[in-house]
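Comments concern the structure below.
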Amino acid sequence: MSTTTGARRSVDVAHLTRVRASDPGAFARAWARRSRRPLLGDDGRMLLVAADHPARGALGIRGDAMAMGSRTDLLARLATALSRPGVDGVLGTPDVLDDLLLMGALEDKVVIGSMNRGGLQGAAFELDDRFTGYSAAEIARRGIDGGKMLTRIALDDPGSVATLEASGRAVSELADQGIMAMVEPFWSQRRDGKVVNLLDPESTIKSIGVASALGTSSAHTWLKLPVVDDLERVMDATTLPTLLLGGDPKGDPRDTYAAWGRSLSIPQVRGLVVGRALLYPPDGDVAAAVDIAADLVHGGAS
C-alpha cells in the first residue's frame, strides 16, 4: 500500500498484480460493466488528465529524469485527480487505464485511449510513431470514449509520412464506429539529432491544416493543441473542437493557469487535457492544482 504527497488516494499494488496474474479475464468483465457518461456535460466543456507519457519513455519533469518512474505514485496521483469535482476523465495507455479500471476510478468518466506510442523519446525512429497501443477496434470493444494519436510532421524525416498514413486510417476507423478521434499535431524538425516541436503560430496553423484533413470523415475529429502565441488567429484555422494541452511544466504555475484561462474564451477551445502540470505540481498538491484547472474549464471560464 502506498500513498504520495499531495494525493490522498491509496493504491493496493498487491491486489492489482494478483488480479493480473490469476484472473486476467477480470479486465474484460470490468470494461463491460463500467458505468459511462456522455462525452460532454451540459456546459459543453471537458477537463481530462493525461498519463500516456511513460509509454514513450518520457518520464522527466522539471529536471527529474525519473519523476514518473513509480507506477504506484502515478496511479495515486491519477486517482486523486479523477476524484475531484469537474474532472471529466482521463487519457492513457492500456496498462494505466486497466489499473485505474480495477481501482474503480473510471466509473462515469470519459476515457480516451492512447493509440501510438512507438515514437520513443530520443530514438532515431521517433518520428515514425507506430501504433503500439490501442486499436480502433479495441477502443470500440471496450466501450472507450475516444482514441488519441500523436501526429508530428517533419518535412525532413520520412517517418512522418508513415505516421500521417496511420493516423488517417485511425481517424477513419474511429469515425466508422462513431467514436472521437483526438489528433495531436505538431510541425516538427530535428535539431542536433533531437526532435523539436515548433510552437510558433505559423507552424501550428500548418499542423492544424494537415491534421484536420486526416481520414475519410472529420465528423468525430477533435484536436489537441499547445497554447501558443496569437492563439485566436491560430484557432481560426479550424472549426474542429479542440482541447489545449498542458505541455512540459516550466516556470510559475500561475502563469500557466492564466494562459489557460485566456485561451478558454475562444469558441473552438472546449477544454484542457493536462498531465504533468496537474499531476506533478511544484508544491505536490495534486488536488489543489486540479481544482484550479476545473474551475477554469467549468467555472470561471464559462
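The values are calculated or read from the model by the stated rules, or taken from the named source; none is laboratory data. Bear in mind that the values here come from a model prediction, so they are computed numbers and not experimental data. So basically every Cβ, Gly included, is an ideal-geometry build from the backbone, and we count neighbours across all protein chains shown. These accessible areas exclude ligands, DNA and RNA; they are computed on the full protein's heavy atoms, side chains included. Shrake-Rupley method; radii C 1.70, N 1.55, O 1.52, S 1.80 Å.
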Options L223, L240: the member that is within 22 Å of G261 (Cβ to Cβ), in a loop (DSSP other than H, G, I, E, B) and of a type outside the set (V, I, T)
L240
Quick check: is even one residue across region 169-189 among the small types (G, A, S), open to solvent by 40 Å² or more (accessible area, probe 1.4 Å) and part of a helix (DSSP H, G or I)?
no
Can you tell me how many residues within region 259-273 are farther than 15 Å from V228 by Cβ and either modelled with pLDDT of 95 or more or surrounded by fewer than 16 Cβ atoms within 10 Å (Cβ to Cβ) (or both)?
5
Pull out all pairs, ordered by first then second residue, where Cβ-Cβ is under 8 Å, the residues are six or more apart or on different chains, the first lies in region 32-45 and is within 18 Å of W222 (Cβ to Cβ), and the second is open to solvent by 90 Å² or more (accessible area, probe 1.4 Å) and not β-branched (V, I, T).
D43/S302; R45/S302
Kindly establish whether R142 is surrounded by fewer than 22 Cβ atoms within 10 Å (Cβ to Cβ), among the charged types (D, E, K, R) and closer than 22 Å to K224 by Cα.
no
Here are P94, P85: which of them is open to solvent by 30 Å² or more (accessible area, probe 1.4 Å) and closer than 24 Å to R18 by Cα?
P94
Pull up region 107-120, narrow it to residues that are out of contact with any strand residue (DSSP E or B) (no Cβ under 8 Å at 6 or more places or on another chain) and not charged (D, E, K, R), then point me to the one that is surrounded by the fewest Cβ atoms within 10 Å (Cβ to Cβ).
L120
Need at least 3 residues that are among the polar types (S, T, N, Q) per element, so show me which helices (runs of 4 or more DSSP H) inside region 20-106 make the cut, counting only ones lying wholly within it.
71-83
Taking R77 as the residue in question, decide whether it is buried (at least 17 other Cβ atoms within 10 Å of the Cβ), touching a residue at least 24 places away in the same chain (Cβ under 8 Å) and out of contact with any Pro (no Cβ under 8 Å at 6 or more places or on another chain).
yes
Complete set of residues in region 197-251 that are closer than 14 Å to V273 by Cβ, of a type in the set (G, A, S) and in contact (Cβ under 8 Å) with a residue 60 or more places away in the chain:
G246
Residues that are farther than 22 Å from E165 by Cβ and open to solvent by less than 70 Å² (accessible area, probe 1.4 Å), drawn from region 212-236:
P226, V227, V228, L231, V234, M235
